[in-house]
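Read through the structure below, which is laid out as structure tokens, and then see the notes.
The values are calculated or read from the model by the stated rules, or taken from the named source; none is laboratory data. These numbers come from a predicted model, not from an experiment. Cβ placement follows ideal geometry from the backbone for every residue including glycine, while neighbour counts extend to all protein chains displayed. For accessibility, only protein heavy atoms count, side chains too; no ligands or nucleic acids. Shrake-Rupley method; radii C 1.70, N 1.55, O 1.52, S 1.80 Å.
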There are 2 protein chains.
Amino acid sequence: MAPKNLKAEAVSKVCCGKARDIPLSERDADELAAVFTALSDPVRLRLLSIISSASEGEVCACDLVAPIGKSQPTVSHHLKILFEAGLVDREKRGVWVWYWAVPERIKAVASRLR
Amino acid sequence: MAPKNLKAEAVSKVCCGKARDIPLSERDADELAAVFTALSDPVRLRLLSIISSASEGEVCACDLVAPIGKSQPTVSHHLKILFEAGLVDREKRGVWVWYWAVPERIKAVASRLR
DNA sequence: TTAAGATATCGATAGTTGTCAATATCCACA
DNA sequence: TGTGGATATTGACAACTATCGATATCTTAA
């Protein structure tokens, strides 16, 4: 709150006008908020950063526990949230589960922020 | 989890390797997560959409309560969170407070998602 | 079939968050 | 100076979330 151009400018604008339509619908807002919720945790952001930058394009879940420094159930929980948000995909191969990023989804979210 | 290319492919990759560095630092992850937390609520996303699309570039807080359909304290609370996240700026003029978006900040966040 | 290991789920708990009524603060105007 | 109105803050409460230990599920190998 910097300058103090008071009454003159304040009154120069019509204030408290009629309620316009909100650009973002309630449904869209709910969906977008759900994705941002998935992105709102530092552990998940770090998991996503590891998965996205994997040199082979994918990462074994077994390689995600140690670097994160949380328990295995906690990491599994966060991976599930990323998966359900559509930010990563996964596939079970034998005993292991491999995760990879979904760039289209990530870009789609980013484009909503412009 | 679709195909079943079991042992062969599963073993073809070295799994459970050594912990690499995480691309996203803990500090950066915390900061990014804080912004995404601000974006993780549908009411705040709708507020931001109204503010961002304001024809005059800014909106009076008094015009934000009715369309959102929440109480005045609730809207004030959400506006504060958007402000503290750097997503909007504001200025008090007389009795009213005007809000406008901070596109550079919004773009900066979007670019982190690419 | 059994054993061992990787991952997911469950149950519990502490901490966080969205919401509103009540109240405080701030400002213009009479 | 005091009154009315716009916005912010406070206090309280219900709902949600991150975390972990314990356990279940699934898969390979013996």
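Conditions tested, residue by residue: (1) within 26 Å of residue B:40 (Cβ to Cβ); (2) at pLDDT 95 or above; (3) within 14 Å of DNA strand C (Cβ to nearest atom).
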position: A:7; (1), (2), (3): no, no, yes
position: A:27; (1), (2), (3): yes, yes, no
position: A:48; (1), (2), (3): yes, yes, no
position: A:52; (1), (2), (3): yes, yes, no
position: A:58; (1), (2), (3): no, yes, yes
**Checklist (1) among the aliphatic types (A, V, I, L, M); (2) without any contact (Cβ under 8 Å) to a residue 24 or more places away in the chain; (3) touching a helix residue (DSSP H, G or I) at 6+ places or on another chain (Cβ under 8 Å) applied to residue B:66, failing item** = (3)
**Request:** Collect the residues in the stretch B:18-35 that are hydrophobic (A, V, I, L, M, F, W, C) and free of Cβ contacts under 8 Å to residues at least 60 places away in the same chain, keeping them in residue-number order.
**Result:** B:19, B:22, B:24, B:29, B:33, B:34
**Request:** Return the total of residues in the stretch B:61-83 being of a type in the set (Phe, Trp, Tyr) and closer than 17 Å to residue A:23 by Cα.
**Result:** 0
**Message:** Looking only at residues that are in contact (Cβ under 8 Å) with a residue 12 or more places away in the chain and more than 21 Å from the chain's Cα centre (by Cα) in the stretch A:49-62, which one is most open to solvent (accessible area, probe 1.4 Å)?
**Reply:** A:62
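In the list A:86, A:69, which residue meets the criterion of being over 27 Å from residue B:44 (Cβ atoms) and away from DNA strand C (no atom under 14 Å from the Cβ)?
On the way: A:86 fails: over 27 Å from residue B:44 (Cβ atoms).
After applying the criteria, what remains is A:69.
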